[in-house]
Amino acid sequence: MCRDQFGYGITDEGVHVQDPFTGTGTFIVRLLQSGIIKPADLARKYTGELWANEYMLLAYYIAAVNIETTYQALVAEQQPDRPVDYVPFPGVTLTDTFQITEKGDRSDTSLIPVNNQRIEAQLAAPIKVIVGNPPYSAGQTSANDNNANLPYPTLDGRIAATYAAQSTATNKNNLYDSYIRAFRWATDRLGDQGVIAFVTNNGWLDGNTADGIRKTFQTEFSDIWVYNLRGNQRTAGERSRQEGGKVFGSGSRAGVAVLVAAKNPHQTGCHIHYHQVPDYQSREDKLDDITDATLTTTAWTTITPNTDGDWLNQRNPAFQTFTPIGLKDTREPTPRIFTMHSNGLKTNRDPWCYNFSHKAVEANMSRMVDEYNLEATTCTGDESKLTTDPTRISWSANLKSDALRSRTHQFHPDRIYESLYRPFCHQNAYFDRPLNERVYRLESIFPTPTHDNTGFYVVGVGSAVPFSAVAIDCLPDLHVTGAGSGGQFFPRWTYERADSSAQDALPAPGDAIDEWGYRRVDNITDQALKTYRDAFGSQVSKDDIFSYVYAVLHSPQYRAAFAADLKRMLPRIPLAASRDDFERFVAAGRTLADLHIGYETVEPYPLTEQHSDTVTGPEAYRVQKMRWKDKTTKKTLIYNAHITLDDIPAVANEYMLGSRSALEWLIDRYQVKTDKASGIINDPNQWATEHDDPRYIIDLVKRVTRVSVDTVRVVDALPELPL
């Protein structure tokens, strides 16, 4: 790239190379060993034009030794008849790369004068090539870790002014991931000319939040080459298998890509070259294919981005012409179908707030609230005094903030709701604002456990899993389909409190105030009703619109045509081709909603139960962990050591919710699990016990098989949309 763009190579004088996150020095070692640096240039390069930073002390020492012994060996090869002196590597520094370029806020290195001198020399060097494998870290996963990412005001300000400013995403927190900070830092460090070569997480290639990164790259680089090794194992099912082997083995579940990008001030525009490894390729094959010969003969694809910053899986322009099902701002006058929608419940302490056992939720949360109140009244605003023992409490940002302000909370047993935690998996949930990290708008959808409502949950924008929707009549979790991005719930109704002091407190005709002081409000907009009545006749009701939308969201034609759009934004709904087709969609939507909401009461599918005689009675139906007898045919399910379920129809496995079939969700969720951090046990058998139904789980498998078969039948009969 250097020779192609600028006419010089890495071996040439004045071409300074830096590895800002060197770890144990692998990149610099491999550069020295590669032969890219000519023997005559080796001493000059080693003593003044190679730079490596490391933040961790042990890794720093190992990097220095690795680089120095590699150089000594190379010199010894050049002069085998003469002794070789050991020459310390002057380019390695113990420092935080991001910190040393912060304006007016550099790390204090005065205690190590030599290290400080090296940092100053590095900062003065005209870096032309930056290589490495930046760390991946979007932030701590638990406040108990007490290990939040450090702030870098100067660097983060640059991200805000570029990547974040260009992004259309609402939540831009992930733009401050360490590897994205590395993009921003390296691009700025190069100045007007140079090359970046990073091995990174590949989420920026197609992520919704990363549209601002891609747009900025197009303006800051002249040539971009991306070799996508894939391997994203945060997916599941067939999608996971297509991603192939994990590039770093057990070290990371993230997908990986190699980025080589050039800044050439003499070239206009940006040329983007892309290649991705084939589906199902093993880790070994991926790495074997990365050779000089392969890279020069690869059939690179030229990418022409669209105006939305899409590089891969570009969205369909027709999608924007349809009516959105919802908008974030409820005051926005743009037509939409639902007045409001909400994320599902985000507890940040699921093992405590969720459980198959109502008694367990009550005991766990009561115990945690007691512990919290003790911490809040004794910490005196000092965070260091708060316990980090995960068996006693699960901290989150909001709860920790309350404790430091000495705010106490109460446990309310009447705030335990029935919820849908994952597809066809009801659990008990503690739903109470002070003890949940985010409740979003759910309090106006399910104000009390006794308020009825229905709606449907759709996979969140930016999710790694395929789009899906599922109808629900209880409190939804944030990640019903296990998606990385929290899904959205579209309720049929909302509830508002009837405040007698408010000027608009008088109910509209037919809007009764219930015994808890709430009024039910229709969540389908009048705008939508007018649109559908204009198109399909005055007999159309808001219930019809709800059913129509739910059916369209299941249309294979719709999902295929707008797969890229559904990853990036909330669904938009096209009108049916005719009144007859509209009515067919409505009927299908009602059937699907009835199946998915009433899955616990449908007629069980007649699977063949095979029992041993060793255990009888209720104990015979306990599960520990179900599994397929053969993962290829998925015809027989080993329910437990005593029972197998046979003759599962192949079509049942075609009903997918995200990356798993409905039956695979049951296998995943209906197993006894112990949370490693808290030690809390979540036992699905407790649900059966507390509902006095020992056969609940085995019959659930049969019922969900029925739901799956019937769903596929209904979906296959949907009419075509005029797309």
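One residue alone among LEU42, LEU58, LEU31 is modelled with pLDDT of 95 or more and either loosely packed, with under 13 Cβ neighbours inside 10 Å or part of a strand (DSSP E or B) (or both), and that residue is LEU58. Looking only at residues in segment 210-245 that are touching a Lys or Arg at 6+ places or on another chain (Cβ under 6 Å) and not hydrophobic (A, V, I, L, M, F, W, C), the one that is surrounded by the most Cβ atoms within 10 Å (Cβ to Cβ) is GLY231. Yes or no: segment 649-666 includes at least one residue that is outside the structural domain of SER468 (by TED's automatic domain parsing), basic (Lys, Arg) and modelled with pLDDT of 95 or more. Checked against the condition, which is being outside the structural domain of SER468 (by TED's automatic domain parsing), basic (Lys, Arg) and modelled with pLDDT of 95 or more, segment 649-666 yields no hits at all.
If the condition is being of a type in the set (Val, Ile, Thr) and not in a helix (DSSP H, G or I), then segment 672-690 contributes VAL672, THR674, ILE680, ILE681.
Taking first residues from segment 360-381 that are surrounded by 15 or more Cβ atoms within 10 Å (Cβ to Cβ) and partners that are among the basic types (Lys, Arg) and part of a helix (DSSP H, G or I), the Cβ contacts under 6 Å between residues at least 6 apart in sequence or on separate chains come to CYS379/LYS385. Condition test on GLY269, is it exposed (fewer than 13 other Cβ atoms within 10 Å of the Cβ), at positive phi and more than 27 Å from the chain's Cα centre (by Cα)? It is true that GLY269 is exposed (fewer than 13 other Cβ atoms within 10 Å of the Cβ), at positive phi and more than 27 Å from the chain's Cα centre (by Cα). Could you please let me know if LYS215 is over 17 Å from the mean Cα position of the chain (by Cα), over 26 Å from GLY486 (Cα atoms) and not small (Gly, Ala, Ser)? Against the criterion (over 17 Å from the mean Cα position of the chain (by Cα), over 26 Å from GLY486 (Cα atoms) and not small (Gly, Ala, Ser)), LYS215 does not qualify.
Summed over segment 478-497, residues that are under 21 Å from TRP352 (Cα atoms) and surrounded by fewer than 21 Cβ atoms within 10 Å (Cβ to Cβ) total 1. Take ALA262 and decide whether it is over 26 Å from VAL552 (Cα atoms), assigned to a strand (DSSP E or B), in contact with an Asp or Glu (Cβ under 7 Å, 6 or more places away or on another chain) and not β-branched (Val, Ile, Thr). Here the answer is yes, as ALA262 does meet what is asked. Taken residue by residue, segment 247-254 has at least one member that is surrounded by 14 or more Cβ atoms within 10 Å (Cβ to Cβ), β-branched (Val, Ile, Thr) and not assigned by TED's automatic domain parsing to the domain that holds ARG559.
Looking at this structure, is THR632 free of Cβ contacts under 8 Å to residues at least 40 places away in the same chain, closer than 29 Å to GLY460 by Cα and surrounded by fewer than 18 Cβ atoms within 10 Å (Cβ to Cβ)? If you could, list the steps in order and put the result at the bottom.
Numbers: free of Cβ contacts under 8 Å to residues at least 40 places away in the same chain: yes; closer than 29 Å to GLY460 by Cα: no; surrounded by fewer than 18 Cβ atoms within 10 Å (Cβ to Cβ): yes.
No: the conditions fail for THR632.
Do the conditions hold for ILE290, that is, is it aliphatic (A, V, I, L, M), surrounded by 15 or more Cβ atoms within 10 Å (Cβ to Cβ) and either more than 25 Å from the chain's Cα centre (by Cα) or farther than 28 Å from ALA186 by Cα (or both)? Answer is no for this residue. For LYS385, the conditions (1) more than 27 Å from THR450 (Cβ to Cβ); (2) basic (Lys, Arg); (3) surrounded by 16 or more Cβ atoms within 10 Å (Cβ to Cβ) are fulfilled apart from (3). Got at least one residue in segment 189-198 being crowded, with 20+ Cβ neighbours inside 10 Å and within 21 Å of SER250 (Cα to Cα)? Scanning segment 189-198 turns up at least one residue that is crowded, with 20+ Cβ neighbours inside 10 Å and within 21 Å of SER250 (Cα to Cα). For GLU102, the requirement of being surrounded by fewer than 15 Cβ atoms within 10 Å (Cβ to Cβ) and acidic (Asp, Glu) is not met. Of the helices (runs of 4 or more DSSP H) that lie entirely inside segment 98-206, those containing 3 or more residues that are closer than 16 Å to THR22 by Cβ, at pLDDT 85 or above and not basic (Lys, Arg) span 113-124, 178-190. One residue stands out among those in segment 604-624 that are loosely packed, with under 11 Cβ neighbours inside 10 Å and over 38 Å from the mean Cα position of the chain (by Cα): the one that is nearest to VAL707 (Cα to Cα), which is THR608.
The values are calculated or read from the model by the stated rules, or taken from the named source; none is laboratory data. Keep in mind the model is a prediction, meaning the values are calculated, not measured. Glycine also receives a Cβ, built like all others from the backbone with ideal geometry; neighbour counts cover every protein chain displayed.
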